[in-house]
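Please read the structure below before turning to the comments.
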Amino acid sequence: MIRRTSAIVACAAALTLVLPPTASAAEATPVATGLDIPWGLTFLPDSSALFTQRDTGQIMSLKDGQVTEVQRIEDSQPTDGEGGLMGLAASPNFASDQTVFIFYSTVEDNRIAKVRLGEAPQPILTGIAKNQYHNGGRLAFGPDGMLYATTGDAQDPDSSQDVNSLNGKILRMTPEGAPAPGNPFGDSLVYSMGHRNPQGLAWDGAGRLFSAELGQNTWDEVNRIEGGKNYGWPVCEGQCGDAQFVDPLVTWPTAEASPSGLAIHQGAVYVAALRGQRLWQIPLNDDGTLGQPTALFQGEFGRLRTVLPAPDGTLWVTTSNQDNNGVPSPDDDRILSVTF
């Protein structure tokens, strides 16, 4: 299998390269320390942040440098692996409805719920299979106002190729949990399939969706996601070269990435690497192709989980060193603010 480190390059005359900030100028400053596996992260209209702590089941607030508990999700259940309280996305109408959306594990399943802060979660989707590993868990609202969710294969690879299964997919739904209008498989939540354990979601200025996905033993991926497409798992890991499946734009050996969060910021795609312990910066071209990745902060902050543009123009990154695979420093876990 051939390693693919960049997208196929079009004719130079037709391709405009948007240069990202200079990697050598990147600096990271802690904005919060002493956290417990911060996973989901979202910003509110007042520029404060909310984040989840995976194993404690807490939604936390970070405002003016102060971290406080907002509430605990009582039925959130860690899986002694990768499950627990994971994805978090503020409602597009948060200023009026005070509602966030969460993706979490219970004793029975993985599920998505809406939460008016301070009140009990109201599930909008239940029955997503869970396991110790491969739970997916990312939530994000798209430019179309629909809620997108990543689900892992829950250690059942065949589910990724079963269009009737919620696992190994990227789902697209209304804020009430119904299949979004225009979904490619009829009255189904499934938007794309053939995923192993996708965790990163972000859109560029042209509305193109990109996702980061953890591979098995060989290749991790960044994919451009299109409705109705099949991304190959478990038939393919990395580049497949089969017309039935969509090949990734970028791949890495798993030791260099094991990617979780993905963000688009100032002309580049940023991917947070867990096992790889670095932040990947990838130039984003105006045609949606990607350039050569550059590693930032390699080994400096340990495992990196989530990356998200902040209202002040910086890039926030969370560490994940308190989990089973990390070696925490005295300040871990942390949320870092990255400037260029």
Leading residue by the ranking (surrounded by the most Cβ atoms within 10 Å (Cβ to Cβ)) among those in the range 128-165 that are more than 15 Å from VAL190 (Cα to Cα) and polar (S, T, N, Q): ASN135
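Residue-by-condition table, conditions (1) without any contact (Cβ under 8 Å) to a residue 40 or more places away in the chain; (2) crowded, with 19+ Cβ neighbours inside 10 Å:
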residue: ASN167; (1), (2): yes, yes
residue: GLU176; (1), (2): no, no
residue: PRO179; (1), (2): yes, no
residue: ASP187; (1), (2): yes, no
Could you tell me how many of the residues in the range 98-117 are outside any strand (DSSP E or B) and open to solvent by 40 Å² or more (accessible area, probe 1.4 Å)? 4
Of all residues in the range 15-36, count the ones that are at pLDDT 95 or above, open to solvent by less than 50 Å² (accessible area, probe 1.4 Å) and in a loop (DSSP other than H, G, I, E, B). 1
Condition first: out of contact with any strand residue (DSSP E or B) (no Cβ under 7 Å at 6 or more places or on another chain) and among the charged types (D, E, K, R). Now tell me which residues in the range 45-96 satisfy that. ASP46, ASP55, LYS63, ASP64, GLU74, ASP75, ASP80, GLU82
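Yes or no, residue by residue, for (1) out of contact with any Lys or Arg (no Cβ under 6 Å at 6 or more places or on another chain); (2) closer than 24 Å to GLY177 by Cα; (3) open to solvent by 10 Å² or more (accessible area, probe 1.4 Å):
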residue	(1), (2), (3)
TRP39	no, yes, no
ASP46	yes, no, yes
ARG54	yes, yes, no
GLN66	yes, no, yes
SER76	yes, yes, yes
GLY87	no, yes, no
Residue check for TRP252: over 17 Å from ALA49 (Cβ atoms) and modelled with pLDDT of 95 or more: yes
Wholly enclosed strands (runs of 3 or more DSSP E) of the range 118-172 bearing at least 3 residues more than 20 Å from PHE94 (Cα to Cα), out of contact with any Gly (no Cβ under 6 Å at 6 or more places or on another chain) and not β-branched (Val, Ile, Thr): none
Every residue from the range 296-340 that is among the aliphatic types (A, V, I, L, M) and touching a residue at least 40 places away in the same chain (Cβ under 8 Å): LEU296, LEU304, VAL307, LEU308, ALA310, LEU315, VAL317, ILE335, LEU336, VAL338
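Residue-wise test of (1) assigned to a loop (DSSP other than H, G, I, E, B); (2) within 21 Å of GLY326 (Cα to Cα); (3) open to solvent by 20 Å² or more (accessible area, probe 1.4 Å); (4) charged (D, E, K, R).
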{"residue": "GLY215", "(1), (2), (3), (4)": "yes, yes, no, no"}
{"residue": "VAL235", "(1), (2), (3), (4)": "yes, no, yes, no"}
{"residue": "ASP247", "(1), (2), (3), (4)": "yes, no, yes, yes"}
{"residue": "GLY288", "(1), (2), (3), (4)": "yes, no, no, no"}
Check on VAL307, of a type in the set (A, V, I, L, M) and open to solvent by 20 Å² or more (accessible area, probe 1.4 Å): no
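The values are calculated or read from the model by the stated rules, or taken from the named source; none is laboratory data. Computed from a predicted structure; not experimentally measured. Every residue, glycine as well, gets a Cβ built from its backbone with ideal geometry; the counts of neighbours run over all protein chains shown. Note: areas computed on protein heavy atoms with side chains; ligands, DNA, RNA excluded. Shrake-Rupley method; radii C 1.70, N 1.55, O 1.52, S 1.80 Å.
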